[in-house]
Each structure stands twice: as C-alpha cells, then as structure tokens.
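What follows is a single structure, written as structure tokens, with notes after it.
The values are calculated or read from the model by the stated rules, or taken from the named source; none is laboratory data. Quantities reported herein were computed from a predicted structural model and do not represent experimental measurements. All Cβ positions, even for glycine, are placed from backbone atoms using ideal geometry, and neighbour counts span all protein chains on display. Note: accessible area is taken over every heavy atom of the protein model, side chains too, but ligands, DNA and RNA are not part of it. Shrake-Rupley method; radii C 1.70, N 1.55, O 1.52, S 1.80 Å.
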Amino acid sequence: MNINNKFIKSINFLEDSLLVVILSSMILLAIYQIISRNLFSEGIVWIDPLLRTLVLWVGLSGAVVATRTDKHIKIDVFLKYLPDKLLPYIRRGVYLFTILICLLISWHATRFVISEYEYGTVAFSGIPAWLTAIIIPVSFCLIAARYGLLLFVSQARLTMLDVDEQVEK
Amino acid sequence: MFGAIALTALVILGAPLFAIIATSALIGFHGEEIDLSVIAIEIYRIADTPVLLAIPLFTFAGYVLGESNASKRLVRVTNAMLGWMPGGLAVVSLFACAFFTALTGASGATIIALGAILYPAMKQAGYAERFNLGLITSSGSLGLLFPPSIALILYGVIAQQMDLDQPVAIDDLFVAGLLPGLLMLALLIAWSMYKSVGDRIPTTKFELRELLGALRESIWEIPLPILLVGGIYGGYFAVSEAAAVAVFYVLVVDVLILREVSFKQLPIIMRESMVLVGGVLIILSVSLASTNYLIDAEIPTKLFEFIREHIDSKLTFLMLLNIFLLLLGMMLDVFSALVIIVPLTLPIAVGYGIHPIHFGIIFLANMQIGYFTPPVGMNLFIASYRFNKPITELYHATIPFMLILFVAVLIITYWPALTMTLLDFE
Amino acid sequence: RTIKIATLSPEGTFWMKQMRAGARKIEKQTQGRVKFKFYPGGVMGNDESVLRKIRIGQLHGGAITLGTLSQSSPNVTLYGLPYLFSNLDDAAEVRKTTDPMLMQDIEKNGFVSFGFAQGGFTYLMSKEPVRNLNDLRQRKSWIPEKSDIGLLVYEYIGVSPIALPLSDVLTGLQTGLINTIITSPIGALALQWHTHVRYVTDQPLNYLTAMLVIDKKIFKKIDKPDRKIVREVMGDVYKKIDKQNKIDNIAARKALINQGVKFIKLSDAEKTEWEKIDDYVIKKLIKKYDYDKDIYTAVTVHKADAPKLN
Ligand code: NA
Ligand code: NA
C-alpha cells in the first residue's frame, strides 16, 4: 500500500481544504454577526446555531485529519517498558481495536441520522437535523479508514510521514 | 470487571483515549440495555453547546500569534516592566490565564490558545520546562471564580430554584468569588517567585527607556485584552463572541499591519490548529456519552449517598465534600457536576450553617482542581497533546500546583470570612 | 417497571417535589410495580435531546415545553398563539374544555400526557419604556432561539432581534448589548434578568405551558389497572402544579413591582396597532401548522376576531 499515491494525496488535500473552508466561514460568519449588529442594528438568527453546528463539523473533521499520522491523544509512556519486538504487533492490535470501535460508532450514528431523517427534525431555520448530524457517521467511518491505512505502515514510515507533513508547511 | 481490565490494558498499550472513553460508554450503555445510538445523540450535543465556539476560534488566534513574534515581544515588555521582580513573566501568565478562563470556561481553550504564546515565552525567559508546563496546565481552570464565569451563573440559577432562606444573587456570587480567586492567584504567584529565585531566572534593573521601547514594539498586542474587556463591558459584543473579535484583530495585526504572518501561511496554520482542536473535541464529544452513562446509572448520586452515611459533623461534611468534589471534578464536566450534585449537597450544607454563596465558591474551587488532578483530569490530556509531552511528565509538572491550590481550597472552605467579607460592603 | 423521566426543572423545585411525591404514591398504590426515575436539571440535554432519547428508549418520558412536540402534534402550539388570552383566569376557563382535547390529540400521536402546567404570560421587558411599536423598533431586542412567535413579531415590525445564547443574556443586559427581552415574570426572576430591566409593557404576549409526556408504547406495557392509577395520580400532580404556578405567576408580577419595575399600560389606539401583529402571526402559524378545526375554534373562543381556518 503506497501512502504517497495520487489518490491518497488528493483525499488529503480535500480534507485539509474542508478544514480551512469550515474555519474560514466560522470566522467570517461570527464577525459578520457582530458588525451587522453594531452598524445596522440587525441580528441574524441562524448564524448562532450554524456556528455551533460548524464547531461539531470542524472538530470531527480535525479528528479525521489527526488520524492521518496517528496523532490522537493517548498514554504511551508504558510502551517503552515493553520489548521492542512486540511494538509493531501492539500498535496494529490497538489500531484494530480503534477501527472496530469507530465502525461501531459510525454504524449507530448512521441509524441516528436515518431516524432524524424519518422524524424530520429541524435543526434551525428549516435546515434538517440529519444534514447537520451526518458528519458524525462520516467522520468516524473516515477515522476507521485512516487507521486501516495505518495498519499497513511501519513505525519508521509513520514517523517519516509526520516529518513530511511538517516539511510541507 | 473484565471490561475494566481490558480497557486498562488498552490504555497502557497506547490506544487513543477517545476510543477508550467511547468503549467504556458503549459497554456501560450495553449493560443497561440502552440503544447504542445514544452515543451519536450525545456527540451531537456538541452542536448545542454555545461555549465550545471559543475553542476553535481562540485556538486559531493563539496559533497565529504563535507564528508571529508576539511571544518575543511579550517577554520584552514583561521584562522591562516586571524584570526587577522575580517571576515577572510567570505572574503575567497567571493573570492572563485567569482572565481568559473566566471568559471561556475551563474547557481547555486556555491551554491550547494561550499555550501557543505563553509556553515559548516562558521558555525564552529561562523557566524550567516542568514549571512552565505545570503553570499553564493548572491555570487552564484558574478563573472559574471570576466574573463573568458561566459556572458561577449556573450555580446561582440552580441555588435560586431551591427555596433557600438565604438569597443567592448572581451579582453576589461574582463579588464573593473575587477574594478566593485572588487567594489562589496570590499563592501561585508566591510559588512562581520562589521557583524563579531558586532557578536563578535573571532579574534586571528597571529602565524607563527600555520599557518605552518595549511598549512601542508591542503597540499592536497590548490593545487586544483592552479591546476584549472594553467590547464586552461596552455592550458591543457578547462574551461568547469575544473569540471572533480576537481572531479578527490578530489577523488584521499580524497579517495586514505587521506582516509577520503571510496570507500563504494562513491555510497551513488553520489546518494545524484545527487538527489540535479535533483531537480535543473528539474526546470531549465521547466524554459527553460516558458522562451520560454515569448520569443514567445515577453513579454520582449513589457515590454521594455512600458518603452521606459517614457524615456526622460540619467538619466531616466539609472534608468528605472536598474529597468527593475532587473525584467528581475528574469524572464530570463542571456543568453536569453542578446540576447533579448541588441539589444533593446544598441542603445538607445549609443544614450545617454554611451560607449557600460560600458553598458555591467551595464547590467551584474544588472542581477547578479536579480538571488537572491525575490520573484522568481532562486538562492534563489536553496539555499533553498541545505540548507533545508524555502524560506522566504532566503529572509530575502539575503536582506542586495542585498541592498549592488544594491549600487554597482548604483556606476557602474553612475560613468563610474570605468569601463573605466583601458582600458586607455592598 | 421503572419509568425514566427527564426534565429541565432542577431538583428541589416545587415541580420536582410534587413529581417525586406523586411517584412515591404510585409506587405504593401499585405495590412497586410502577416506579419512576427522574433526571432533573437538564442533565439529559435540551428538549430535542430528550425526545431523541425517548425514541431510542433510553428515556420513557419528559417534562417538555409544548413547542417541542409541534413536529408530531402541531395543535399543541395553539396555546402559544399571541394575545390569545387576556388574563390568567380567561386562560383557565378556556383550558377547561381544550386541555382534554389537546391531551387526546397528543395521545393519538404517540404520547400520553397528564395535563398542562402553565408558565404564565411572556411580556416585553426593557430598560427604556416600550409604549408603541416605534419604541420597540429602536430597542436592542433579544428573543429566545427557536421562538417562532418572537421571530414573527419582529418580522412584522420589520427589525431583526438579537440572537444570543441564554448564558449571555444576563451579561448582555448588564453591558447594554441588549436592552429589551421577551420573557415571563417567573423566568425573569429565576434568571435574575429582572435586576436589569425597569419597564414591562403590560400586554401579555403569549401563554407558556409545559407538560409531562410518556411514550405511549411504554405506557401500554403497564397493566391496565396500574395505568389508571398513574393517570389519576399524575393528573392530580399536574393540577396541583398548574394551580401553584398560577399563584407563583401572580406573586412574581408583584415581586417585579416591589423591585420598582414599572408596568406600562398601552393606550387603546396602540392596542389596536398591536392586534394587527397577532393577526399577522396567527395567519403565518396557520400556514405553517395544520391545525385541527375543532381544537382551533375551541382555543380561540374568546378571541372574536381570530383569523379563520380555511
Ligand atoms: Na479555558
Ligand atoms: Na472533568
């Protein structure tokens, strides 16, 4: 599995762009709300609930990108007391566990989204709740997929990828 | 039981924390025969929580400041102003964190956003790594007692619903929190000075010319806190909007005026900062689910019922309360803890002659320490992530700060006059 | 069978005390066959979250505001129509016939309800007096999010209200970010907003109600004789709460007056102007919700000029 292939690279680019677009729109919307209130004494009621939804979106999308080089918060101090030989197996075992949990969450989140669709709950200003919630199953599925890719990557390669990302900026 | 052992093993083997918390929630709900899609309902509650908006916005602002030379300038100004005093920069950092947490709540935004500027600044000024980490991590919840802390407001609203004889006005809570909050600050300042003398952080002579020069250099950063406070108290924007104003200001200053950060860098900074936010928010979101399991199974209530059997005097009540709240602060976020535990404990406290306002301050002062109490205080993980340090190093780093603040909590608890005195002057 | 109920109302309130007393009574009378577990203080999330959790069976019921049920039973929003009742007694009289109709309607749509608890009328409260629509246009007004009626009122007068999370309202009033709010006297006192307003425009806007609902699927699993006990006891509890809430509302109004808040009466000419708003709002709501003709007629019986249903 070649992590550097074109397909993966374009997915990376898409994810990164999504983060930039969401955050930029959050900043613009929040600023616009303040300006329009102070200059035109007008409030826009849908901006606040939209911003809160975008917090969920930016957070979960960020979590997907964090998975790319296995950057999730973990307690790894004990690993150094374990024999080096075992480490690759432990790492993959942990990935498998995480993949299973993420798929389980994604599955139940899909059921949640479908139920919101069926009941036609409205999130705000006519926007259906299922649309705002769909990021949950999608992001957990993508996190699982990312960990799936990492199963086939050696530790040395993972460290290199992380360095690559640092260099890219 | 088996589940607990397996989860502990996974923690030790380095499984991502979010997966472990999610698993514990899923196992719990499964045991109660609750449909597991509850985990998605809980994660979705992130979109119902207005205070969280501060996290991505302030984090981004902090990152932009971190890319500019702001921390260098901050070191120069504080050296020029307070360089004669041991621990000058540490004192400034403490005040900045307390102010910032009062605005954003103890959600970790302080550590992520201010950490981006204070951590390198303290490093440059020569503070020891461990002290630096401990100070920023423990200050991430400092400020819960200062207005306009939402935790204080919520306590007031809950207490008022309870038909107590003594009134609990939110304004009074704001006043009552001042001295206890300042006591915490003062003790930490004393510790910082002591440490910086011990670590031989050089002090400098005060020079007006250097101060003026440093101020001129920082002419663009100094107005930011003034803008935020003035904007909120002048009625131009709400507390929850302060983050957006900060982002806007920082962008204008660092990209357009000083040009220390280029347009081209912005997408990269956005990406980097949101990866960090993602790592934190995914944990917050699954924690909502695990908290909800604890609430559904009425575990905090049962725990308190257990403790209640051992209460026979005001003193034992207060001591058990301190321990109980510390535990709770590790398990629950401050809002769930307030809503579940205050109605259980406040009537007992009032029965022992503790004033409800004093009780509220005790409650929040305790919760504040819970945020960075090893092994599972949430802010420890956030700091570990932010500064890329192993969690054990953070345990070491925060312990002195925890002990100091615990002394403050004991003083606040057993010396009611500290909380109540200012109210008499109103 | 344990019935898990969530509510926003905190532990220790009259509401919770009565609910717990009722639960004890039911447990005793059914010899422990029906028990209740309460999750007060909003720990299960807002009304939408509670409904979601009822759907998946984590919760079995909740004390919720009527608007939340509008998705399944649009008729419940009828009590919230603007200027529907001229005072609390008027509301009580109309409700004698309409409460049972609405409860039946709710039950048809999947929930068992035990009665309504009033929350009083909402009013415009402000720092500077609001004597007419022009005054209102010049204020910085806050309305609660998801308030259909609040939105439509401001849509009619042609200004946009300010949206803020609930936690920002108190500081918002303090700093002058907002200076006019729509809330009930009880709400204003509970959230301490009353300390920052000086005037109330004495024209009731809309009538607030909340109720306890239990998922019909769960309720049906209770034995028939026990079901009757639950209905009776909880019905009584709700009557008691409703009655007490009326007393509290009157007391809250007095408390506001004692605090020096001035109640401004509208002139007759102004009243006519304001009645145009309710016409506008009601027509919009009729379009949005598919109201039942009988219930609509019964609810608007004291409102001679209410727009007609087609
Ligand atoms: Na914070
Ligand atoms: Na916590």
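A few points about this structure:
- Excluding ligands, DNA and RNA and using a 1.4 Å probe, chains C and A jointly bury around 1300 Å² of accessible surface, summed across both partners.
- Stretched out straight at 0.36 nm per residue, the stretch from B:K205 to B:E309 would grow longer than its current Cα-Cα span by 31.5 nm.
- For the range B:48-109: rounded, prolate or oblate by the Cα gyration tensor [a/c cutoff 1.5]: oblate
- Multiplying the residue separation of C:L266 and C:K220 by 0.36 nm and removing their Cα-Cα distance gives an extension gain of 11.5 nm.
- 25 °C / 0.890 mPa s Stokes-Einstein diffusion coefficient of the range A:43-159, Kirkwood radius on C-alpha pairs, µm²/s: 151
- Within the range B:342-401, the proportion of C-alpha pairs whose separation exceeds 14 Å stands at 61%.
- Estimated FRET transfer efficiency (B:E33, B:E260; beta-carbon r; R0 45 Å; 0.05): 0.20
- When the charge dipole of the protein assembly as shown is built from unit charges on Cβ atoms (+1 for Lys and Arg, -1 for Asp and Glu) and taken about the Cα centre, the candidate among B:I226, A:P137, A:F13 whose Cα reaches farthest toward its positive end is A:P137.
- Total accessible area lost when B and C pair, probe 1.4 Å, Å² to nearest 100: 3000
- Helix axis angle, A:135-150 relative to chain A longest principal axis, alpha carbon, degrees: 20
- Between the range B:234-279 and the range B:163-231, the Cα center-to-center distance that results, in Å: 23
- Square roots of 5 times each gyration tensor eigenvalue, C-alpha, chain C, largest first, Å: 34, 22, 17
- Per-selection metrics, the protein assembly as shown (Cα): Rg and Dmax in Å: 28.1, 89
- Normalised contact order of the range B:244-357, rounded percent, pairs of Cα under 8 Å and 6 or more residues apart: 18
- Multiplying each eigenvalue of the alpha-carbon gyration tensor of chain B by 5 and taking the square root yields semi-axes of 35, 27, 21 Å, largest first, rounded to whole angstroms.
- Label sites at A:W107 and C:K37, each approximated as a point 7 angstrom past Cα along Cα to Cβ, lie 2.5 nm apart.
- Counting, for every residue in B:151-164, the Cβ atoms of other protein chains within 10 Å of its Cβ and taking the mean gives 4.
- The chymotrypsin sites (Phe, Trp or Tyr not before Pro) of the range B:164-269 meeting both criteria, a DSSP state outside H, G, I, E and B (loop) and at most 10 other C-beta atoms within 10 angstrom of the site's C-beta, are B:F263.
- Taking all protein chains together and rolling a 1.4 Å probe, B:H358 ends up with roughly 10 Å² accessible.
- Relative contact order for chain C: 26 percent, from Cα pairs under 8 Å spaced at least 6 residues apart, divided by residue count.
- Distance in nm between pseudo-label sites at B:L327 and A:S17 (7 Å out along the Cβ direction from Cα): 5.3
- Choice from C:N258, C:N46, C:N132 with maximal GNM fluctuation in chain C (Cα, 10 Å cutoff): C:N258
- Under-5 Å amide H pairs with A:D76, H placed in peptide plane, nonlocal only: B:I391
- Look at the stretch B:171-184: the mean tally of other chain Cβ atoms within 10 Å of its residues' Cβ atoms is 0.
- Between the range C:15-75 and the range C:233-307, the Cα center-to-center distance that results, in Å: 25
- A/B buried area, accessible surface, summed, 1.4 Å probe, Å²: 5100
- Cα-based reach from C:K283 at 16 Å (exclusive), listing lysines while leaving out same-chain residues under 8 positions away: C:K293, C:K303, C:K308
- Between the range B:135-150 and the range B:344-408, the alpha-carbon center distance in angstrom: 11
- Distance in nm between pseudo-label sites at C:D290 and C:D89 (7 Å out along the Cβ direction from Cα): 4.0
- Taking Cα atoms only, the orientation of helix C:47-56 departs from the longest principal axis of chain C by about 20 degrees.
- For the protein assembly as shown, the share of DSSP beta bridges that are antiparallel, to the nearest 5, is 60%.
- For the set B:K302/C:K4; C:K28/C:K217; C:K17/C:K221; C:K108/C:K287; C:K17/C:K53, the pairs lying more than 19 angstrom apart at their alpha carbons are C:K28/C:K217; C:K17/C:K221; C:K108/C:K287; C:K17/C:K53.
- As a length-normalised measure over Cα pairs under 8 Å and 6 or more apart, the relative contact order of the range B:35-424 settles at 27 percent.
- For A:K9, the lysines whose Cα comes closer than 22 Å to its Cα, not counting residues fewer than 8 places off in the same chain, are A:K71, A:K169, B:K264.
- Spherically averaged projected area of the convex hull of Cα atoms, the range B:260-308: 5.4 nm².
- Rolling a 1.4 angstrom probe over the protein assembly as shown with all protein chains present gives an accessible area of which 63% lies on carbon and sulfur atoms.
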